[in-house]
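The next block holds one structure in the form of structure tokens; read it before the comments.
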Amino acid sequence: MNTAKRLLLNTYYHAVAPWRTTMDLLRRARSCEPVQILFYHRVSDEHPNPWTMGRKAFADQMNWLSSRFDVVSLAEAQRRIVRGKNHRPTAVITFDDGYADNMDYAIPLLLEQKLPFTYFVTTGNVLSGQPFSHDVELGKPLAPNTPAEIRSLARAGVELGAHTRTHADLAKVDSPQLVDEIVGSKHDLEEMTGQSVKYFAFPFGQPQNLTAEGFQVARDAGFAGVCTAYGGYNFPGRDAFHLERFHADPEFIRFKHWLSVDGVKQMTSPTFNPGVPPATNVATTKPAWSA
């Protein structure tokens, strides 16, 4: 973010502080605090790319988050959504893909601070050792986690989630491949770790990468929930199977702004409804107090 944009966002963040405080009080009075789910990819100070966050930025975010939010598992997040009431600021930490670099700093930090998180793994890359195609396209191939590392995470109590076998855009594949990507990655992880895999995250995770069939395949496979990646707040009483996430921005002011429940973002974020035809599938979320 350039200096002008950073200054503009800082100005906006502080200008709307009184309004945001009022909305915070209203939500808490109504026990309508949203569950906010963050996702990261890679934490490292080397070979940065658009989905890499530096170590200091990550540590600062974890310290800020843990001092202000209940940091919970996806299962606890779902319980709070299903219950229909939530009076505590609540956050969930997740990772996508499965980068080897995360073993060097991010994961040890989370384990040391006893912060729960879900680690979504693209199993084909883990099993083959091949770098992710999106890194190869940038000319910066990076190592995925190894099966031994994934098993060590399972032994440490980390919840592992499926993220397909090949990081495919599931809106562009036929039905047999859709099943193979979703169900196959679940089986791969369960065979690798000997543990049940309860959650699935769609690669790319934007509305255009999602289909009703993909959601149904995940349900039929026995997943307890699926995660998308286009932003959005999970308010109590909403769909607890479809868990909306937003990428943790390395710019700290933007990170704080989103986690403070930005009214503009809340009212303009797209949402995906598996029961709606694809051509009309992007809607606008409503404020919690208008639900």
Out of everything in the stretch 137-174 that is acidic (Asp, Glu) and out of contact with any helix residue (DSSP H, G or I) (no Cβ under 8 Å at 6 or more places or on another chain), what residue ends up being farthest from residue 194 (Cα to Cα)?
137
Condition first: buried (at least 17 other Cβ atoms within 10 Å of the Cβ) and not in a helix (DSSP H, G or I). Now tell me which residues in the stretch 129-142 satisfy that.
132, 142
Restricting the stretch 197-235 to residues that are at positive phi and at pLDDT below 95, which is surrounded by the most Cβ atoms within 10 Å (Cβ to Cβ)?
232
Leading residue by the ranking (nearest to the chain's Cα centre (by Cα)) among those in the stretch 254-267 that are in a helix (DSSP H, G or I) and modelled with pLDDT under 85:
258
Could you say which residue among 203, 236 is touching a Ser or Thr at 6+ places or on another chain (Cβ under 9 Å) and either over 19 Å from residue 124 (Cα atoms) or of a type in the set (A, V, I, L, M) (or both)?
236
For the stretch 166-185, how many residues meet the condition of being buried (at least 24 other Cβ atoms within 10 Å of the Cβ) and not polar (S, T, N, Q)?
2
Would you mind finding the one in 178, 243 that is hydrophobic (A, V, I, L, M, F, W, C) and within 29 Å of residue 44 (Cβ to Cβ)?
243
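The values are calculated or read from the model by the stated rules, or taken from the named source; none is laboratory data. Given the structure is predicted, the values throughout are model-derived calculations rather than measurements. No Cβ is skipped: glycine too gets one built from the backbone with ideal geometry, and neighbour counts run over all protein chains shown.
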